[in-house]
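What follows is a set of notes on a single structure, which appears directly below.
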Amino acid sequence: MSQITIESPKHCANKQGLKRFERNYKKLFFAFSAFLTTILALILLIYLILHPSKPQFSLKELDIYQLNLSGPNLNTTINLTLLSKNPNQKVSIYYDEIVVYGSYKGQQITGDTYVPPFYQGNEESNLLTASLVGNGLPVSPSIGYEFGRDQSSGRLVLNLKANGKLRWKVGTWVSGHYRFNVNCVSFMAFGPSLPSPSPPLASKQASQCSTTL
């Protein structure tokens, strides 16, 4: 004997309403997904067409006023000027954060110096100046040995580094943040004694820097 189930009109109406809701939900979901995919594809297409080139940095001037090693601590005072250039014709740049510091033989020898945020237009160049200071900065005992070697060779090699965050701007569209790192290498004549505050060790030869994103 088979069992016959009779559903009430109200029950059937509820099931039909639920199905309509599911169909409308799926349509809305697919429409939103298609819209989001289109926007992302458009952003990617703009980026691929314009393909922003990395900003270019060069070290224009470097002055060392103090570089004194006292036991395990180092006192440094360095002034530098960097040239920042945007090589893109259709893409501008927002520099939201830039931190500059000095490095010697892989060790940081100054504190972090923050450069104020700025906007850089298409194919625009800007000069950035910073004063790097390190007071009683703990360093490895090998630093004294490396200083001695550089004094013997008559050449001091310093790395001036910068890192931070930037955003690309194309028309009215502005990208998310991208981290960047800059490394500049400076070669300076280094006499038999550590530089004294007057006169400073100075390098006015432009030096190209490497930039990574």
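In the stretch 59-78, which residues are open to solvent by 50 Å² or more (accessible area, probe 1.4 Å), of a type outside the set (Phe, Trp, Tyr) and closer than 19 Å to Met188 by Cα? If you could, list the steps in order and put the result at the bottom.
Here is the first cut: in the stretch 59-78, the ones open to solvent by 50 Å² or more (accessible area, probe 1.4 Å) are 60-61, 65, 68-73.
Subset that is of a type outside the set (Phe, Trp, Tyr): 60-61, 68-73.
Within the stretch 59-78, Lys60, Glu61, Asn68, Leu69 meet the criteria.
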Would you please name the residue that is modelled with the lowest pLDDT, looking only at residues in the stretch 160-179 that are touching a strand residue (DSSP E or B) at 6+ places or on another chain (Cβ under 6 Å) and open to solvent by less than 40 Å² (accessible area, probe 1.4 Å)?
-> Ser175
Qualifying positions in the stretch 44-73 - over 29 Å from Leu127 (Cβ atoms), at pLDDT 70 or above and in contact with a strand residue (DSSP E or B) (Cβ under 9 Å, 6 or more places away or on another chain) = Leu69, Ser70, Pro72, Asn73
If we keep just the residues of the stretch 88-101 that are open to solvent by less than 40 Å² (accessible area, probe 1.4 Å) and either over 15 Å from Phe180 (Cα atoms) or hydroxyl-bearing (Ser, Thr, Tyr) (or both), which is modelled with the highest pLDDT?
-> Tyr95
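Scan the stretch 143-159 residue by residue and report those that are touching a Phe, Trp or Tyr at 6+ places or on another chain (Cβ under 8 Å) and either under 17 Å from Tyr114 (Cβ atoms) or open to solvent by 10 Å² or more (accessible area, probe 1.4 Å) (or both).
Of the stretch 143-159, the ones touching a Phe, Trp or Tyr at 6+ places or on another chain (Cβ under 8 Å) are 143, 146, 150-151, 153-159.
Matches in the stretch 143-159: Glu146, Asp150, Gln151, Ser153, Gly154, Arg155, Val157, Asn159.
The values are calculated or read from the model by the stated rules, or taken from the named source; none is laboratory data. A quick note: this is a predicted structure, and the numbers were derived from the prediction, not measured. Virtual Cβ from ideal backbone geometry, glycine too; neighbours counted across all protein chains shown. To get the accessible areas, we keep the full protein, side chains included, count just its heavy atoms, and leave off ligands, DNA and RNA. Shrake-Rupley method; radii C 1.70, N 1.55, O 1.52, S 1.80 Å.
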